1. With +1 assigned to the C-beta of every Lys and Arg and -1 to the C-beta of every Asp and Glu, and no other charges, what is the dipole magnitude of the chain about the Cα centre in debye, to the nearest 20?
2. Taking just the alpha carbons, could you work out the radius of gyration and Dmax for the chain, both in angstroms?
3. Can you compute 3J(HN,Hα) from phi for each residue in segment 184-193, using the Karplus curve 6.51 cos²θ - 1.76 cosθ + 1.60 with θ = phi - 60°, rounded to whole Hz and x for Gly and Pro?
4. In the Gaussian network model of the chain, springs joining C-alpha atoms below 10 Å, which of Gly22, Gly285, Gly154 carries the largest mean-square fluctuation?
5. With all protein chains present, how much of the accessible area of the chain (probe radius 1.4 Å) comes from carbon and sulfur, to the nearest whole percent?
6. With label points built 7 Å along Cα→Cβ from the Cα atoms of Asn243 and Leu182, find their separation and express it in nm.
7. Looking only at segment 48-77, which residues have a backbone nitrogen under 11 Å from a spot 7 Å from the Cα of Lys173 in the C-beta direction?
8. Residues of the chain: accessible area per residue at 1.4 Å, in Å²?
Amino acid sequence: MTANYWHPVGEKADVQYVMKEGFPDGMIVLKSGDVALNDLSFRDGTLEFDMKPLAQDIPGMRFRQRDSKNGEEFYIRSFPDCRAEDDCIQYSPVISGFMLWNVYPQYQRRAPVVFNGWNHIRLVISGKRMNVFINDSVQPTLAVGELLGNTQQGGLELHGPAAFANLVVTPGKTDGLSPVPLPDSTGSDMNIVHDWLLGPLTSLRYGSTPRYAESPQDPRAWKPIRSERFGIVNLNRQFNASNEAAALSWLKTSVDSDRDQQQQVSLGWIGHAWVFVNGSLITSGKNFYYPESERRSPDGRLSLQNGSFMIPLHRGHNEIMIALYSSVHDDARSRTAYGWGFAMRYEDMRGLAVPR
């Protein structure tokens, strides 16, 4: 843990390399920003280190880091109530510059974290799986059934504010953890709408309701997109994080009904969603993290618990279109740097046929 093995990332890194009794290999005191380990490309194995938070923030480690915009991230929320909260520790993929912490409530847990002291962290990584052990835990404190980043191999970065010590990297030591993702019962649910068409982005008129006529009109501009784990349509793989103006994404699908009926639908989303059926706006809703009053259960994360409503279907072919503004802030800031996506599920598929 000395300066000749590490280099700062970006201009925000405030780092000291400290030699101290009890830490024969040194200590990294990272008050802000990130530092990266030189000349290491990690794929599978064990990452073990000690970490002491220096402030209330989200310190941790990125691994399989291909570049500044793609990798995998594990972190703790170093707040006084951390060990009692269900998001005390979290895993998030980092895709195209987006950090998807708000998309996967399945990958957060309570943990025996010491808020103002040292914590021992062990990450066991094998293929598409990861087990996380905190302090003296014998069983995984967090089991990640499928790592969801775009990378399979890459570098290591530490993220402050925290002190780090005793890092041990053991390639190939996976403790028998299978590299194969765990089965995804939610994502394989036949009631979930898996196949959509994605249109080009359009301008966001913040504070105004989008009209159906504003959706992309050229049929050649729409492209197929399919849901991923947990039934989520992950739009972060389609765009790049940037300082561009916030925009609307448009998606559509279809369903054939054997009769005129009202059908209950569950929708999970981030930000603000508007739902059109056969050209008519039938409902809209917000799920922003800020302000807190607009967070939907669970805690403003994306989940099929976010909302449920009835949609009118007529006999024959029906089109469903969604306009989505994804952000954690209910304002007109630039493009979100966080999760961008949604999921939709029919309550009852009897009499319905959807594209497969």
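The values are calculated or read from the model by the stated rules, or taken from the named source; none is laboratory data. No experiment lies behind these values; they were computed from the predicted model shown. Heads up, the Cβs are rebuilt from the backbone with ideal geometry, glycines too, and the neighbour counts pull from every protein chain shown. Ligands, DNA and RNA are stripped out before the accessible areas are found, and what is left, the full protein with its side chains, is counted by its heavy atoms. Shrake-Rupley method; radii C 1.70, N 1.55, O 1.52, S 1.80 Å.
1. Numbers: 36 positive and 39 negative charges, 120 e Å.
Computed charge dipole of the chain: roughly 580 debye.
2. Every Cα atom of the chain included, Rg and Dmax give 22.1, 77 Å.
3. Rounded to whole hertz, the list is 10, 5, 5, x, 8, 4, 5, 7, 7, 7.
4. Looking only at Gly22, Gly285, Gly154, the biggest GNM fluctuation is shown by Gly22.
5. Working: 7530 of 15600 Å².
For the chain, the apolar C and S fraction of the accessible surface comes to 48 percent.
6. According to this spin-label approximation, the distance is 4.1 nm.
7. So the set is 48-49.
8. Numbers: 15600 Å² over 356 residues.
Value returned for the chain: 44 Å² of accessible area per residue.
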